[in-house]
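Every read-out reported here was derived from the displayed coordinates using simple, explicitly stated rules and does not represent laboratory data. All values reported here derive from a predicted model rather than from experimental measurement. Cβ atoms come from the backbone with ideal geometry, glycine included; neighbour counts cover every protein chain shown.
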Amino acid sequence: MKLNTIDLFAGCGGLTDGFKASGNFNLLAAVEWDLHAINTLRNRLKTKYNYKNPSEVAIHFDIQKTDELLNGFEGNIEFKPFDGLNKLVGNKNVDVIIGGPPCQAYSVAGRIRDDNGMHDDYRNFLFESYLRVVNHFKPPVCIFENVPGMLSAKPGGILILERILSAFRDCGYDVSEKLGVNGVFNCSEFGVPQNRKRVIIIAIRKDVPNSSKVIEEFYSELNSKKSVCVPTVKDAISDLPKLFPIKYSQKKKSHEANKQVNIYNHIPRFHNSRDIEIFKLLASDIEEGRNEYCNAEKLKELYTQKTGKTSSVHKYYVLRWDKPSNTIPAHLYKDGLRHIHPDPLQARSITVREAARFQSFSDDYEFLSSSGANYKMIGNAVPPLFAKEIAESVQTIFHSKIKQ
């Protein structure tokens, strides 16, 4: 029997897609406030999983309005009316609640960029809305995903991790006390062609027999799914059509393929002639083995030389064919300077489709918005391949240890 799930902060559906792909889960509801992301998720549910009315399941709403989310909302300019999760769930069991609040306020990079270390960022406390829904439905299992920076973030001087774990305990759940050891995973070890570390918290309702042992068995099961073969950039994108600089760039177009491209979302962003020159220089430096620009100081010098600006951090990074990609972040939508394609002849940053492949989204996963919005939702997502391994581990411990 399939387990019923609710996905909170669902984004464009990375977690949901992995859980659905496992074949063991039935999606009761997915909630997301970003309209670009929820439209992409709705399209995925319709085209891949044959939902006739995906908007009834994939709900565009602000989870902070928890009472309206549960009991119904009359609608306004921003959100359409809906009957609420209580009516949508009806008399069905909610077996698993999954999700992860936006991670920018927990990330180390985000705290560095913010003058106040993101101490005043409301996103630090969106986990409270997640927990209110958990406390309402009381599923036997919860999966909470976030960045490793969550382990050290201290908004208001108090570890956010301790706030989260205490909130789970107050709702009647057991959680691991050793998340720094047990709960941190690199997605590249699960077939995702990207170095992407994530914290996975599993919470088990305290009335489940031997709940602490069930938690240990989940982490053991997930760890057992690691692969010794780590996929590379070459594995992920080398078969995609090549996109070369054009001689005379046009408005919003600087590259094109030498043949028709039939891969959805495989369109490069516009690059000016200065950036194309830099990309070619840096990729050639690696391909030809000179390695002149393989340290931060030389890259910062190059940035100043080419732009006349200074930076305390280096702006450029060329992907290596023989290694996984570096982390695909949400702020990739701003520029692609740290995700430069390794082919010097293409002299560009990665496309939306390449970013999606590094996140393990399949090529039939269509991202429906502008390139900027697509990069952002992909960077915010859980890699579906990693999510599938999480789902299968949940299914294993659920049927062997929980069985409502």
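Laid out as a table, the results:
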| quantity | calculated |
| --- | --- |
| Inter-part distance where segment 168-224 and segment 389-403 are each reduced to a Cα centre, Å | 12 |
| For ASP363, distant residues with modelled amide H under 5 Å away | none |
| Compactness relative to 2.2 N^0.38 Å, alpha carbon Rg of segment 248-308 | 1.39 |
| Angstrom value of the Kirkwood radius, inverse mean 1/r, which spans all Cα pairs in segment 334-404 | 14.4 |
| Segments 332-341, 303-312, 11-20 sorted - mean Cβ within 10 Å per residue, highest first | 11-20, 332-341, 303-312 |
| Interchain or long-range residues, amide H under 5 Å from ARG338's placed H | TYR317 |
| Packing-based order for 375-383, 155-163, using average beta carbon neighbours within 10 Å, highest first | 375-383, 155-163 |
| Average Cα contact separation per residue, segment 1-62, under 8 Å, 6 or more apart, as relative contact order % | 35 |
| Whole-Hz couplings from phi, Karplus 6.51/-1.76/1.60, listed for segment 207-218; x for Gly and Pro | 7, 6, x, 6, 4, 5, 5, 4, 4, 4, 5, 4 |
| Estimated vicinal HN-Hα couplings, Hz - segment 158-175 in sequence order (Karplus 6.51, -1.76, 1.60; Gly, Pro = x) | 10, 4, 5, 4, 5, 4, 5, 5, 5, 5, 4, 4, 5, 7, x, 10, 9, 9 |
| Rg and Dmax [Cα atoms of the chain; Å; Rg one decimal, Dmax integer] | 21.9, 68 |
| Rg/Rh ratio calculated on Cα atoms of segment 241-350 (Kirkwood radius) | 0.95 |
| Length-normalised contact order of the chain in % [C-alpha pairs under 8 Å, at least 6 apart] | 18 |
| Whole-Hz ³J(HN,Hα) from phi, Karplus 6.51 cos²θ - 1.76 cosθ + 1.60, for segment 60-77, glycine and proline x | 8, 6, 8, 5, 5, 8, 5, 4, 5, 4, 7, 10, x, 9, 6, x, 8, 4 |
| Value in Å of the Kirkwood radius, where segment 297-338 supplies the Cα pairs that are averaged | 11.6 |
| Local net charge near ALA391, Cβ-Cβ under 13 Å (Lys/Arg +1, Asp/Glu -1) | -3 |
